[in-house]
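These notes concern the structure reproduced below.
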Ligand SMILES: [Zn+2]
């Protein structure tokens, strides 16, 4: 997805979240992560796609707690991610972290290794192709060109799902209870996380996260 500069567009963030959901539900990515808050109905949609969704608390270097959403088809894999990262400090990504994340998030090893050596290495993808991805393709990558049509198809499906979700009329008092957010809230309640500002903020632009997704 395009890197977002300046004020993030909530519609684009929602579409990106659903895009990651489709990629993950189709098994193209083992897990995906949102570093920003999304509406409960988006979390519902991810669950409707057959994904297990959980929140992970990270601690920023200034001590602020940051909530990430992580989802995948394989709840054991999700639990492994949680046990590895929940409660840990957010640091500049070092080589071991980049390798670990590449495995969790389905990025080719060649691309991760190149990124470690040279984050700005030029590749032969078009800007449109590179923008579909959540990793930077390595020069001469063999794996990424196979992923491009799968990613493009997932993006089309995500746009369709997003349109359908937002076209549905929402009437106050008649909506079903948002299952994902209730599950999330109970997880949050059970671990005393309800005071997180990023969970209570209605405006994702005010959250401390850098609006990244992986
Ligand atoms: Zn590669």
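Could you say whether any residue in region 100-115 is away from the ligand (no atom under 16 Å from the Cβ) and under 27 Å from residue 55 (Cα atoms)? The answer is yes; a qualifying residue exists. Only residues that are surrounded by fewer than 20 Cβ atoms within 10 Å (Cβ to Cβ), within 11 Å of the ligand (Cβ to nearest atom) and not in a loop (DSSP other than H, G, I, E, B) were counted across region 122-155, and they come to 3. Out of 15, 92, 35, 41, one residue alone is out of contact with any helix residue (DSSP H, G or I) (no Cβ under 6 Å at 6 or more places or on another chain) and closer than 27 Å to residue 147 by Cα. It is 35. Residue pairs whose Cβ atoms lie under 6 Å apart, separated by 6 or more positions or on different chains, with the first residue in region 106-131 and without any contact (Cβ under 8 Å) to a residue 24 or more places away in the chain and under 18 Å from residue 32 (Cβ atoms) and the second within 11 Å of the ligand (Cβ to nearest atom) and in a helix (DSSP H, G or I), are 112/102.
Every number here is computed from the coordinates shown, using simple stated rules; none is lab data. What you see is a predicted model, and the numbers here were worked out from it, not measured in a lab. Because the Cβ atoms are built from the backbone with ideal geometry, glycine has one as well, and the counts that use them run over all protein chains shown.
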